[in-house]
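Take a look at the structure below.
Every read-out reported here was derived from the displayed coordinates using simple, explicitly stated rules and does not represent laboratory data. Please read these numbers as outputs of a predicted model, since none were measured by experiment. Backbone-built Cβ (ideal geometry, glycine too); neighbour counts: all protein chains shown.
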Amino acid sequence: MKFLKDLWYLFVRHMMKTLRMPLWLFIGLMQPVLYLLLYMPLLKNMSGGAGIPADEIAKMFVPGMLVVMAMGQLFAGFSFIDEIRVGIIARWLVSPASRLSIILSLVGSQKITLFLQASLLVFIAFLFGLHVPVLGLVLTMVMVLLVGVAMASLSYAISLATKDESALASITNTFYLPIMLLSGIMLPISVAPQWIKTAALFNPFYYAVEGARCLFDGDYGNTMVLKGFGVVIALCVLMIWLALRALKKMAA
Amino acid sequence: MDIILQTNKLTKTFAGKGRQKKKVEAVKGVDLQVHKGEIFGFLGPNGAGKTTTLNMLTTLLAPTSGEATVVGHDLLKNPQKVREHIGYVSQAGGADTSATAKENLVLQSRLYGIPSAEAFKKAEMLIDRFQMKEFGDRKARTYSGGQRRRLDLALGIVHKPVLVFLDEPTTGLDPQSRAYFWEEIKRLKNDGMTVFLTTHYLEEADNLCDRVAIIDHGEIVAVDTTQQLKKQIGAESITVGFSNDAATEKAKAALSGQKFIEKLFPQENKLHLYVQDGGSLMPEVLRILDKENIQVQTIGLSKPSLDDVFLQKTGRSLREAGV
């Protein structure tokens, strides 16, 4: 099938490009390590003198961290804008290559990087004393990758519409911080005042983070798990559609 | 003559940006016919609508109105069929600089549905044909402008398209590379491809193209062979320069009535006179102007060029309008 073939060939091309710039991969992997080393110890001494057990902190903190990492895929468009500028994307669009495969190959190759980052974070968290059921961990990874798919697609959509790095930077930075804070990534929203709790209900990533926390607890039946997956999948479909639309209108 | 590309009132209007929302009519009802096997030039200054037209014909951009048939398929109803049979080299080029020439060519073949074994063979062949052996295994990032352009052109023809679009193929190249490219473009024609190229270089249109269309402000102002276009103007052109507008006006008045002048065209402080036998008529022109006491600053004689055609059709010189 032409779609699957195109998807594979383009995916291989993007992976080759990534592997030829190992520095970027390294910088991407540094981020989770820094969060764990420099931020998590602060939490340990937060709740008065007694402190929460390390295991509990990790369980609460790691799911949020994973979602932050996935949201970082919002920056995937930066290296892509240069490819628009030098005409690579236009060349593919004039060819009979499947348009959906162009978007999905880009999004997919970014997921490999995200998977590596997330795995490293979890591995280090284990060293810090994290205990998680295997199924919970696997499902959380799926959730995290889905968040990454949505965010990378959005990033490509903005890149295709603006074709300008500074526009992409200002748009992503404007949204990144409030959405991140309102999803209860650093600390659970349950400790927040009522108005923040209400605002969080409108933030799709709040459901992803809460869902992931339930999964880490092995609480698979919690409605938050279902809501989390539902919201994130809907978001993926919407964002991929946006990116595809922007791709088709690129030359306008 | 077989028609390989035909447009009917092709139009593109861009929605305006900013507060005034002024619409931009980039292409206004363009009618074109390209014959099979020819090199067709699309000549005009930057911003005339060349690239916008090309983007529509290569399925990148949806026209606002009008229609087109490209390689026998309806551009609007069947863009996928059009894509299979056309090649395209954009102004930016489009080579992937993070990959080698060979990798670029193999991927391009595969996107056109060519099986792997054949894709590798084709890549080797094209590397050979465009003399890329020396650098074909290096990443395209390291190529010189001319080397990069060779790869761009090779990428545009991996699938042996019947019609290939080249957008400003030699812009920014040194004279030597440009000459090399002209030869390669002629070779495409010899191989049976039809070439549709845009350019703002008159020499390029003159040297390469069987026929040219001149576009200005989104409208086609002339289409013909380069010889015919030049013939319409007159055999030779005398250009007389004056020091100020008043003198130019006065000279225009003095010369307008002269029978031997076929066409007279003022441009800033210059008058272009199109005549049959410039050599013997130059003294005559000077005599008339002298009698009227008009100071002549410069006078020159030349064969009409495409620039003269452009000047007559648009009132501007392409040399000034371009770049």
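Computed from phi, the 3J(HN,Hα) profile of region A:9-24 under the Karplus parametrisation 6.51, -1.76, 1.60 (θ = phi - 60°) reads 4, 5, 4, 4, 4, 5, 5, 4, 4, 4, 5, 7, 10, x, 4, 5 Hz, with x in place of Gly and Pro.
Given the rule -39500 (n - 2.57) for each run of at least 4 DSSP H residues, summed and divided by the residues of chain B, what is its mean residue ellipticity at 222 nm, to the nearest 500 deg cm²/dmol? Intermediate values should be presented prior to the final figure.
Numbers: 12 runs with 122 residues, N = 323.
My calculation for chain B gives -11000 deg cm²/dmol from helical runs alone.
Inter-chain neighbour count for B:95-103: the average number of beta-carbon atoms from partner chains within 10 Å of each residue's beta-carbon is 4. Measuring r between the beta carbons of B:E268 and B:L301 and using R0 = 22 Å, the FRET efficiency lands at 0.70. Counting only alpha carbon atoms, the long axis of helix B:116-129 and the longest principal axis of chain B meet at about 40°.
Separation between the B:D31 and B:K252 pseudo-spin-labels, each 7 Å from Cα along Cα→Cβ, expressed in nm? Placing both labels 7 Å beyond Cα along the Cβ direction yields 3.2 nm.
Please work out how much length the chain gains when fully extended from B:K189 to B:K259, using 0.36 nm per residue of separation minus the C-alpha to C-alpha distance, in nm with one decimal.
On the way: separation 70, 0.36 × 70 = 25.20 nm, distance 4.36 nm.
Taking 0.36 nm per residue and subtracting the Cα distance, the gain is 20.8 nm.
Computed from Cα positions, the angle between helix A:54-71 and the longest principal axis of chain A comes to roughly 20 degrees.
Per-residue extension of 0.36 nm, minus the Cα-Cα distance of B:F14 and B:Q80, leaves a gain of 21.4 nm for this segment. Just to verify a number: FRET efficiency for A:F123 and A:I27, C-beta to C-beta distance, R0 = 22 Å, to 0.05? That pair, A:F123 with A:I27, gives E of 0.75. Sites counted here are chymotrypsin sites (Phe, Trp or Tyr not before Pro) in a DSSP loop (not H, G, I, E or B) having no more than 14 other Cβ atoms within 10 Å; the longest part of chain A that contains none of them is A:1-201.
Calculate for chain A the 222 nm mean residue ellipticity that helices alone would give, adding -39,500 (n - 2.57) per DSSP H run of length 4 or more and normalising by residue count, nearest 500 deg cm²/dmol. Write out the running numbers ahead of the final one.
Details: 12 runs with 192 residues, N = 252.
Taking each H run of at least 4 residues, the total per residue is -25500 deg cm²/dmol.
Stick to Cα atoms and the Kirkwood definition of Rh, then tell me Rg/Rh for region B:235-303. Before the final figure, lay out each step's value.
Numbers: Rg = 10.6 Å, Rh = 11.6 Å.
That ratio is 0.91, to two decimals.
Each of A:L93, A:L187 was scored by other Cβ atoms within 10 Å of its Cβ. Listed from fewest to most, they are A:L187, A:L93. When you restrict to C-alpha pairs under 8 Å that are six or more residues apart and normalise by the size of chain A, the relative contact order lands at 27 percent.
Between the helical axis of A:204-217 and the longest alpha-carbon principal axis of chain A there is an angle of about 50 degrees.
On full extension of the chain, what length is gained from B:D174 through B:I3, given 0.36 nm per residue of separation minus the C-alpha to C-alpha distance? Before the final figure, lay out each step's value.
On the way: separation 171, 0.36 × 171 = 61.56 nm, distance 3.42 nm.
Roughly 58.1 nm would be gained on extension.
Distance between the 7 Å Cα→Cβ label points at A:L4 and A:L177: 4.7 nm. Couplings 3J(HN,Hα) of region B:248-254, computed from phi: 4, 4, 5, 5, 4, 4, 5 Hz, in residue order, whole Hz [Karplus 6.51 cos²θ - 1.76 cosθ + 1.60, θ = phi - 60°; x for Gly and Pro]. Take each residue of peptide A:150-159, count the partner chain Cβ atoms within 10 Å of its Cβ, and average: the result is 0. Counted over all Cα-Cα pairs of region A:125-246, pairs farther apart than 22 Å make up 42 percent.
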